[in-house]
Amino acid sequence: MNWEMIGWLAIAASVIVIVASFFVGKQEVRTATEQAIGSGENGRFMIHTMLEIAWPVLFFASLVMLTFKEVMGFAAVLLTATTTTGVIWLADRLIFRAKRAPESQEPVLVEMAKSFFPVILIVFLLRSFFYEPFKIPSGSMVPTLLVGDFILVNKFTYGIRVPVINKKIVDINLPQRADVMVFRYPEDTTKDFIKRVIGIPGDVISYKDKRLTLNGKAVATQALGSYTETEGGAVRFFETFAEQLAEKPHQMMVDPRYPSLDLGRVRQFPSKSNCTYNDEGLTCKVPAGHYLMMGDSRDNSDDGRYWGFVPEENIVGKAVMVWMNFGNLKRIGTTIE
């Protein structure tokens, strides 16, 4: 199904209805039955009903297309929706309401704004300052997070930030090693990535022979067995481990058939001089104000080994819980470690 075409058709149809209403809205519109009884009330009711559908369709379809076409991020779309409905409601309350005849009906656009503004405002505030939902689109965080998991991200754990521009205004906590964190992808900040914090500012991280070394000390691991993943008819076998990067261990897995690092995938990035690469792996010193991120599925993750460090200003929040997985309901309520 072509959702983009459906979106454009919805916008076009709603615009036609709205424009047509300007030509006939103040006229007495009559159907054959109405002409027989000499009344245009049903015609006016029909226009009003069509506008009650057209305005919301135009509003939401436009917001969806702005997001789908990546004209702006979802946070900016929500801010636009909140501002638009709020301005319409406020302008009517302060200016236009007094100019309408007492018995006249409130315009559909104003009705829509009054109905949607408080709801959108609450969603915007909750999403911006408290919790934001995300869907896991890839297998880079298996076995901790599965494809299809819907997760909640705590937006205030690492400080309060101004929506859209992501500017921190209140410090609360700093990311810690082993946190599962959502952040804006350094190579394209319109995209959100989720990985695990492997190194914090000042850490020296080595990843060689599929194992981590933190500040010269090998990170403790314990073998947990094998993990089988089927994708597109192909079967991959992984070795899973409990990795003691922080106080509580987390699971990670590797594919023994692959090297620790694919040198051909390493790009240029800021502070790359802090890293040394060879056939065995890499060693990096994490610069101030930055974090080194890696996926738990080490050989199925495009992460900091290849594109560098995540600056503090790119942080979105800490992943805390799986709230839905339609393919595996047992995942609901799973705490993210």
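No value in this document is a laboratory result; all are computed from the given coordinates. If you're wondering where the values come from, they're calculated on a predicted model, not measured in any experiment. Cβ sites come from the backbone with ideal geometry, for glycine too, and all protein chains shown count toward neighbours.
Summary of computed values
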read-out	value
Hull shadow area, averaged, segment 132-331 [alpha-carbon convex hull, nm²]	11.6 nm²
Burial order of peptide ranges 139-146, 329-336, 106-113 (average beta-carbon count within 10 Å, highest first)	139-146, 106-113, 329-336
Hits among aspartates and glutamates - C-alpha to C-alpha of residue 248 under 18 Å, sequence gap 8 or more where chains match	179, 296, 337
Listed residues 308, 281, 327, most fluctuating in the chain (Gaussian network, C-alpha, under 10 Å)	327
Sorted peptide list for 294-307, 216-229, criterion being average Cβ within 10 angstrom, highest first	294-307, 216-229
Which listed pairs, of 135/217; 217/318; 167/210, have C-alpha distances above 32 Å, in listed order	135/217; 167/210
The chain: Rg to Rh, with Rh as the Kirkwood radius over Cα pairs	1.13
Partners for residue 99 among aspartates and glutamates (Cα-Cα distance below 19 Å; same-chain residues under 8 apart left out)	111
Label-point gap, in nm, between residue 129 and residue 223 - each point 7 angstrom along Cα→Cβ	5.2 nm
Kyte-Doolittle at least 0.5, axis length at least 27 Å by Cα - qualifying DSSP helices, the chain	3-24, 41-68, 108-129
Sequence-distant aspartates and glutamates (8 or more away, or on other chains) whose Cα lies within less than 15 Å of residue 168	312, 313
Distant-in-sequence amide H partners of residue 159 (H built 1.01 Å from N, under 5 Å)	172, 173
